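Visitor: After the structure tokens below, expect a handful of questions from me.
Please treat every number below as a calculation from the coordinates, not as lab data. The structure presented is a predicted model; accordingly, all values stated were derived computationally and were not measured. FYI the Cβ positions are ideal-geometry reconstructions off the backbone, even for glycines, and counts take in every protein chain you see.
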Amino acid sequence: MSKVKPSPLPPDTMIGGYRVIRKVAAGGFGVVYLAADQSGQQCAIKEYLPSSLASRAPGALLPQVQPEKLSLYRLGLKSFFEEGRSLAQISHPSVVSVMNFFRENETVYMVMNYLEGASLQDFIITARDLKQAKVFRESTIRSLFDEILRGLRIVHQHKMLHLDIKPANIFITDDNKSVLIDFGAAREVLSKEGNFVRPMYTPGFAAPEMYRRDASMGPWTDIYAIGACIYACMQGYPPNEAPQRLEKDRIATALSRLRGVYSDNLIEVVEWCMSLDPLSRPQSVFALQKELTREGERRYTKLTVAEKVRLQLDTMVSDTKKSVQKVTGMSVKAK
């Protein structure tokens, strides 16, 4: 039986001088509302409300936290508050703008500019369904991530990490600006401190070190996620998650199918970003920017007929193995 999610604040609730209009989104760590300030200007308000630690009855204001979970709840609350304070110091068009943050109702609220548009994930799904050779043009990928990297570089200069970069957290506004949203500092703190059954990272976009409690994280961790996002823009699907790659890495094979469709340089950049060894990745956003915006002739190496056949055979063998595993799994359960 699934746990009941905490109820969002009702429309017209007043918090910190803002009026809640409606719930926009909800996840495992909070709720986002469309709200209006005292002058009627619209904004987005994110409320810290981790569903694994807190509950809230319909119409109530205060979250209910069980005594044994209170210390963990407060730890995440502190991290969320610090994140709000740090983001409020950053002013960059490619980073979500935090205009205010405050404590109320035994939780914390982060007030951000309200963005209109759609996530990169929405665009990938739409483009993928068109079933064209290229999900996105290479020029589109390069310009989009050049914008995002400019913002991420500022974030890293403020000694912050995003820790949850994925297509769903890259927002494309109606006036074609790319913005990083929904930072994951509180999520990361709770995942390291608490004994959570479900992972708190996004499979495919989380670097291998995020799966280990004792691993050190840095700019290279966000850079892995950037590589995974570019991969998704090229393939239309996320890459295999890190634990699978550690057992058998198929990234190079998957990317080699795109030779001739995308330049060798872009394919090499993705492989570099997604190295399983953190020290083998770009160690700074600047190093990645330099390579991604490198001028000069871009080579497109087409696959030979023999290579195409070999790749098709590899795919068939892989699909057959998966089918056998599924059948075997079913027969074991049937016994």
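Visitor: Which shape class applies to region 14-113: rounded if a/c is under 1.5, otherwise prolate when a/b exceeds b/c and oblate if not, where a ≥ b ≥ c are the square roots of the Cα gyration tensor eigenvalues?
Guide: Numbers: a/c = 2.08, a/b = 1.35, b/c = 1.54.
It comes out oblate by the Cα gyration axes.
Visitor: Still on this structure, I have one more. Can you compute the label reach from A36? Point 7 Å from Cα along the Cβ direction, backbone N cut-off under 16 Å, restricted to region 87-131.
Guide: 114, by backbone N distance to the label point.
Visitor: Here is a further query. Sort M14, M217, M210 so that the residue with the fewest other Cβ atoms within 10 Å of its own Cβ comes first and the one with the most comes last. Mind dumping the intermediate values first?
Guide: On the way: M14 12, M217 17, M210 24.
By the 10 Å Cβ count, ascending, the order reads M14, M217, M210.
Visitor: Given points 7 Å out from each Cα along the Cα-Cβ axis, report the A252 to R19 separation in nanometres with one decimal.
Guide: 6.1 nm
Visitor: Between R212 and A118, what is 0.36 nm times their sequence separation minus the Cα-Cα distance? Round to one decimal in nm. Don't jump to the answer; show the numbers that get you there.
Guide: On the way: separation 94, 0.36 × 94 = 33.84 nm, distance 3.25 nm.
That works out to 30.6 nm of additional length.
Visitor: By how many nm would the segment from K177 to R150 lengthen if fully extended, with 0.36 nm per residue of separation less the alpha-carbon distance?
Guide: The K177-R150 span can extend by a further 8.5 nm.
Visitor: Using the number of other C-beta atoms within 10 angstrom as an exposure proxy, rank C43, C273 with the fewest first.
Guide: Sorted ascending by nearby Cβ count, the order is C43, C273.
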